[in-house]
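These notes are about the structure you will find just below.
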Amino acid sequence: MELIPEIKQAALDLAEAMKNDETIQIYLSAKEAVQKNPEAAGLENQLIELYESLINRQQQGEKLSEEEIEAFNSLRYQVRVHPLIAQRESALAQIKPYLAQIADEISYILGIDYTTLADVHCSGGC
Amino acid sequence: MDGSFEQSFAAEEKALNVFQAGRALGEALVETPVYQNFLSALKAINDDPEIQRIATQMRSHQNALQMSIDGRDHQAELARLQAELEALPIVQQYRQTESEALAFFRAVDDLISESIGFAFAHNAHRSSCSCGA
């Protein structure tokens, strides 16, 4: 959907303010550290690729072996305990209440919860 | 002047900017026709006596469903009432404006998320949806 310039500018101004915000920068730095670390980034990419491949095969009716599921769980565990990834996830958990407060400012003006309307992962009917 | 005070004042100013920017975005969004149409349609369904009548009946069947062992009759009646509700022109109008509003807000959020590098609304959501998201 094409947005009018006024909305685009207001959305980009908010994004810019968030990028410059010290609290949010803690998460952005942790995220960047993962992206710049070949081991951490590689592990994550490997997990995504394996997940997508397993899901595709399962959707086509194939039964996955226990070894394959175990290998997936083992890789998922390695990703979860990687220090840089764990640090990023912890930083994200810490900024979530802050992000909610920012979204509250939008919701207050709208009179309706912004995140329910805008979260693509939410059907809106809940 | 104390440097630490200046630093703390500057940090507070920055933090305020985030909230001010959020409020400014809200003010821009609330004026848009797509949001105003959605609000009007929402108000219309909330004020409609026919919808209230169907909603009351649906609540009664939902309550009965929670308490009864064999809920097939209540389930069938609920499905019938839901279909009756969805067939009303006022509800179809609401669904249309709701769909447009969701597409609009998701486009706004996509723009913010692409710019900051993570999903804003999804991570700002206070609780997980009952839909499982």
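Every number here is computed from the coordinates shown, using simple stated rules; none is lab data. Keep in mind that what you see is a predicted model, and the values were worked out from it rather than measured. Cβ atoms come from the backbone with ideal geometry, glycine included; neighbour counts cover every protein chain shown.
Using all alpha carbons of the stretch B:73-133, what is the percent of pairwise distances in each 5 Å bin, ordered from the shortest bin to the longest?
Whole-percent P(r) values from 0 Å outward: 4, 15, 12, 15, 17, 13, 11, 7, 4, 1, 0.
So which lysines pass the test for A:Lys96, namely a Cα distance under 30 Å, with those fewer than 8 places away in the same chain ruled out?
A:Lys8, A:Lys19, A:Lys31, A:Lys36, B:Lys14
In peptide A:87-99, what is the residue-averaged number of other protein chain Cβ atoms found within 10 Å of each Cβ?
Counting other chains' Cβ atoms within 10 Å and averaging over A:87-99 gives 2.
Give me log10 I(q)/I(0) at q = 0.21, 0.24 Å⁻¹ for the stretch A:2-63, Debye formula, one equal scatterer per alpha-carbon, no solvent.
Relative scattering, expressed as log10 I(q)/I(0), comes to -0.83, -0.90.
When you look at the Cβ of every residue in A:107-113, what mean number of other chain Cβ atoms sits within 10 Å?
6
Distance between Cα centroids, the stretch A:16-94 to the stretch B:39-115: provide it in whole Å.
Rounded to whole Å, the Cα centres lie 37 Å apart.
How large is the charge dipole for the stretch B:33-114, taken about the Cα centre, if only the Cβ atoms of Lys, Arg (+1) and Asp, Glu (-1) carry charge, to the nearest 20 debye?
About 200 debye.
Say the dipole of the protein assembly as shown comes from +1 at the beta carbon of Lys and Arg and -1 at that of Asp and Glu; which of A:Leu75, A:Ala100, B:Leu88 then lies farthest toward its positive end?
B:Leu88
Put +1 on the Cβ of every Lys and Arg and -1 on every Asp and Glu Cβ in the protein assembly as shown; which of B:Leu42, B:Phe104, B:Phe120 then has its Cα farthest towards the positive end of the dipole?
It is B:Leu42, whose Cα lies furthest towards the positive end.
Give, rounded to the nearest 20 debye, the magnitude of the charge dipole that chain A has about its Cα centre when Lys and Arg contribute +1 at Cβ and Asp and Glu contribute -1 at Cβ.
Working: 10 positive and 21 negative charges, 38 e Å.
Its charge dipole is roughly 180 debye.
I need the Kirkwood Rh of chain A: take the reciprocal of the average 1/r across all distinct C-alpha pairs and report it in angstrom.
For chain A, inverting the mean 1/r across all distinct Cα pairs yields 17.8 Å.
Is there a simple number for the mean count of other chain Cβ atoms within 10 Å of the Cβ of residues in B:32-39, and what is it?
Rounded to a whole number, the mean comes out at 2.
So for each of A:23-29, B:28-34 I average, over its residues, the number of other beta carbons within 10 Å; can you give me the resulting order with the highest mean first?
A:23-29, B:28-34
Once the convex hull of the C-alpha atoms of the stretch B:33-114 is built, how many Å³ does it hold per residue, rounded to a whole number?
Convex hull volume per residue, Cα atoms: 116 Å³.
In which sequence would B:Ile90, A:Ile85 go, from the one with the fewest C-beta neighbours within 10 Å to the one with the most?
Fewest to most other Cβ atoms nearby, the residues stand as B:Ile90, A:Ile85.
How tilted is helix A:83-110 with respect to the longest principal axis of chain A? Cα atoms for both, answer in degrees (0 to 90, nearest 10).
Tilt relative to chain A: about 30 degrees.
Kirkwood Rh over alpha-carbon pairs of the protein assembly as shown, then Stokes-Einstein at 4 °C and 1.567 mPa s: what D in µm² s⁻¹, rounded to an integer?
Result for D is 59 µm²/s.
Is there a quick way to get the dipole size of the protein assembly as shown? I mean about its Cα centre, with the Cβ of Lys and Arg at +1 and of Asp and Glu at -1; what is the value in debye to the nearest 20? If you can, show how the numbers build up before the last one.
Numbers: 20 positive and 40 negative charges, 93 e Å.
For this selection, approximately 440 debye.
What residue among A:Val120, A:Ile7, B:Val18 has its Cα farthest toward the positive end of the dipole of the protein assembly as shown, where the charges are +1 on Lys, Arg and -1 on Asp, Glu, each on the Cβ?
Positive-most Cα among the choices belongs to A:Val120.
In percent, what relative contact order does the stretch B:33-114 have, based on Cα pairs under 8 Å that are 6 or more apart in sequence?
Relative contact order comes out at 42 percent.
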